[in-house]
Each structure stands twice: as structure tokens, then as C-alpha cells.
Amino acid sequence: MLNVRDGKLDHLGLLFERYKKILFGFFYNLSGDPNLSEDLVQSVFERILKYRQGFKGDGEFKLWMFHIARNVNIDHYRKTNKLQKEDIEHWRERIGDKVCNSEEAMGKAEELKILQMAIARLDMEKREVIIFSKIDGLKYKQIGELLNCSEGAVKVKVFRAMQTLKAEYLKIEKAI
């Protein structure tokens, strides 16, 4: 990134290749829409190019990139006035009705379906915290830098998000 900042723009392609899957996963886990996720990844790299002078090099590039990604996501939902609503049908389509040969495989597919539906019910902040901590594997300190809060506050946010996720999971499990 330091090379990109210093004008060697051909290095941006290297960064894109290295981080496009991570960003796509982040956006896909938030929205469940592959086309939107691809568009948002492109927007992140456009902003990286536009604001490259803002990268000081004193922090981790991945955190700086996720900070931009969060802003791209927020801006997208502000522009489209899209509200995060429960969309169980979307998750059914996303997972599909897989034919399983064993009861164990069927049970795991059902658990995954319920988990994804429960994640879809969470508000954006809780979903983001879970994705950062449990899926992207960021440390609490890194998440704190992204969210502009202390490591302790992140621990509380993750705990509360997991509690809410568990409650939503149990509600869906009972309903099915």
C-alpha cells in the first residue's frame, strides 16, 4: 500500500488480488447478495485509490481497508434507503434444498440454514461484530480500532451479539 500511496498505482492490482475475496466475504455475509458484494468490493478499491494519501503506514493495511469497507457499506444503505429486514426466503434460496444422504449431513445443513437465518435477523452492528470476530478472525483490539472503541467495549459487543444470535437461533429452531 505504501507503494500505491507513493504513486506506483500498478501495485493496486496486487492488493486487489490479495484482498478481494476477504472483502467479498465481508459484504456477502452482510447482504447475502453476490452482485452487490462485487460492486461494493470495487467501490472499496476505488476509495483506496482516491484516498491513498490518507494511508500513513503506521497501522495495518487490512484494518484501514475494513474501515473503508464499513463506510462503503453504510454509504450504500444510506443511498438506497435499504433497511435490513428479515428475509428468510432469501436465505432458503442461498442455501438451497440440498439432498443429503445421511441424517447427520441433513442435520448440519439444517443447522447452517437456521444459523444463517438468525444472522440475517441481527441489526447491522451486531452482524458486523460477529462477522469481524468469528468469520474474518480479527482480534478484539483490531475491531476496536475499526469501531473506534476500546477492546473491552468490543468484548461486550461480541458477547451481546452472540447472545442475540443465540436467542434468534432458538426462535427459528422452535418455529421450524
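A few points about this structure:
- Applying a threshold of 9 Å to beta carbon distances and a minimum spacing of six or more residues, or different chains, the list of pairs starting in region 59-80 at a residue that is closer than 15 Å to GLN42 by Cα and ending at one that is surrounded by fewer than 16 Cβ atoms within 10 Å (Cβ to Cβ) and of a type in the set (Ser, Thr, Tyr) reads ILE68/TYR51.
- Any chance ASP123 is in contact with a Gly (Cβ under 9 Å, 6 or more places away or on another chain) and closer than 20 Å to PHE27 by Cα: no
- Residue in region 47-70 that is polar (S, T, N, Q), outside the structural domain of GLU145 (by TED's automatic domain parsing) and within 30 Å of ARG121 (Cβ to Cβ) present: no
- Residue satisfying condition, being under 24 Å from LEU23 (Cβ atoms), without any contact (Cβ under 8 Å) to a residue 24 or more places away in the chain and under 15 Å from the mean Cα position of the chain (by Cα), within set ILE143, ILE119, ILE135, ILE131: ILE143
- Among (1) crowded, with 17+ Cβ neighbours inside 10 Å; (2) touching a residue at least 12 places away in the same chain (Cβ under 8 Å) - the single one LEU2 does not satisfy: (1)
- Some residue of region 34-45 being in the same structural domain as ALA69 (by TED's automatic domain parsing), hydroxyl-bearing (Ser, Thr, Tyr), touching a residue at least 12 places away in the same chain (Cβ under 8 Å) and within 20 Å of ILE135 (Cα to Cα): yes
The values are calculated or read from the model by the stated rules, or taken from the named source; none is laboratory data. Bear in mind the structure is a predicted one, so any value in this text is a computation, not a measurement. Note that each Cβ is placed from the backbone with ideal geometry, even for glycine, and that neighbours are counted across all protein chains shown.
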